[in-house]
Amino acid sequence: MQVVMGASFRALWDSLCPNLSAYGQILAPTGAARLLELQHRAVSDWHRFLYHLTDIALTTQPTPEMTALLSELCERLLTDAHYFGKVRRYPQFHSALASNFCRWSVDGLTPDLLEQGAETVLLHHSELAELDDDNLQSEWRSKTGELVMLWRAWQAALLEKEQLEPIHQRRALLKAMEAVQISESLLLFGFTEF
């Protein structure tokens with residue numbers, strides 16, 4: 001295995017260019033891939049590469065359809081009397097909430113765990129969380145209860161519409177990757193998160 005490291009993106013690319021034919025596929029993050037694929041035919045972004053291997057489109061954020069579905073649910077399930085009822089008609093609310101649900105899922109949180117955690121905070125950490133007043137505890141239960149209710153309803157609606165949250169796409173992708181064999185050599189370029 002050959003590892004190439006470089007401090008400057010452009011300098012590293014320029015130094016590798018003469019030897020790029022040794023790699024069957026060059027993978028770069030989406031923004032870099034757009035620039036580099038003009039210079040070399042074997043450049044592809046990571047998501048496109050994974051899609052060609054598995055036929056699974058990977059998203060990191062909820063799609064507009066997912067957000068619209070959450071908007072419909074909020075309108076149907078919430079009233080002005082609910083805590084989140086006052087903001088249920090703001091478009092930014094639905095997209096932010098859908099993004100949070102997806103991010104929380106990726107981090108391992110579920111509606112059940114949120115519900116358990118909210119109760120644990122009240123039972124064991126209310127003073128630390130500054131929830132030692134009955135009104136604050138009632139508000140806490142109301143907010144978290146509404147979040148749990150909306151999240152569960154959204155997950156059920158997504159399942160019914162056969163739409164996958166990003167976490168389920170990732171799991172399906174990982175399962176599909178187990179059967180994939182890559183015969184060509186790959187160059188991962190520009191992935192600073194590694």
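The values are calculated or read from the model by the stated rules, or taken from the named source; none is laboratory data. Remember, it's a predicted structure, so these values are computed and weren't measured experimentally. With ideal geometry, Cβ positions are generated from the backbone for all residues, glycine too; neighbour counts draw on all protein chains shown. To get the accessible areas, we keep the full protein, side chains included, count just its heavy atoms, and leave off ligands, DNA and RNA. Shrake-Rupley method; radii C 1.70, N 1.55, O 1.52, S 1.80 Å.
Could you look at the chain and say what percent of its accessible area is carbon and sulfur, using a 1.4 Å probe and all protein chains?
Numbers: 6740 of 12420 Å².
Of the solvent-accessible surface of the chain, carbon and sulfur hold 54 percent.
What percent of all Cα-Cα pairs in the range 21-87 falls into each 10 Å bin, going from 0 up to the bin containing the maximum distance?
18, 28, 19, 15, 14, 5, 0
Calculate how steeply helix 111-124 sits against the longest principal axis of the alpha-carbon atoms of the chain, using the helix alpha-carbon long axis, and give the answer as 0 to 90 degrees to the nearest 10.
Approximately 50 degrees, to the nearest ten.
Modelling each spin label as a point 7 Å along the Cα-to-Cβ direction, I'd like the S183/T60 distance in nm, to one decimal.
3.2
Please list, or write none, the aspartates and glutamates whose alpha carbon is within less than 15 Å of the alpha carbon of K143, excluding same-chain residues fewer than 8 places away.
Cα-Cα hits under 15 Å: D80, D112, E115, E119, D134.
Against the longest principal axis of the chain, how steep is helix 64-77, in degrees 0 to 90 to the nearest 10, with axes from Cα atoms?
Once rounded, the angle reads 0 degrees.
Could you work out [θ]222 nm for the chain from helices alone, using -39500 (n - 2.57) per DSSP H run of at least four and dividing by all its residues? Round to the nearest 500 deg cm²/dmol.
-17500 deg cm²/dmol
Which lysines have a Cα lying under 19 Å from the Cα of K161, excluding residues fewer than 8 positions away in the same chain?
Counting by Cα, and skipping residues close in sequence, K161 has no lysines nearby.
Roughly what angle does helix 134-160 make with the longest principal axis of the chain, taking Cα atoms, 0 to 90 degrees, to the nearest 10?
Rounded to the nearest ten degrees, it is 50.
Roughly how many whole Å is it from the C-alpha centroid of the range 130-194 to that of the range 59-100?
First find each Cα centre; the distance between them is then 16 Å.
Run through all the Cα pairs of the chain and give the fraction in each 5 Å bin from 0, expressed as whole percent.
1, 6, 12, 13, 13, 11, 10, 9, 8, 7, 5, 3, 1, 0
Please work out how much length the chain gains when fully extended from A11 to L174, using 0.36 nm per residue of separation minus the C-alpha to C-alpha distance, in nm with one decimal. Kindly include the intermediate steps, with their values, before the conclusion.
Numbers: separation 163, 0.36 × 163 = 58.68 nm, distance 3.34 nm.
Extra length available between A11 and L174 comes to 55.3 nm.
Quick one: what are the phi-derived ³J(HN,Hα) couplings along the range 181-187, Karplus 6.51/-1.76/1.60 with θ = phi - 60°, whole Hz, x for glycine and proline?
10, 9, 8, 8, 7, 10, 10
K86: which aspartates and glutamates have alpha carbons under 18 Å from its alpha carbon, excluding same-chain residues fewer than 8 sequence positions away?
E72, E75, E139, E146
Accessible area per residue of the range 49-194 at 1.4 Å probe, in Å²?
Averaged over the residues of the range 49-194, the accessible area is 64 Å².
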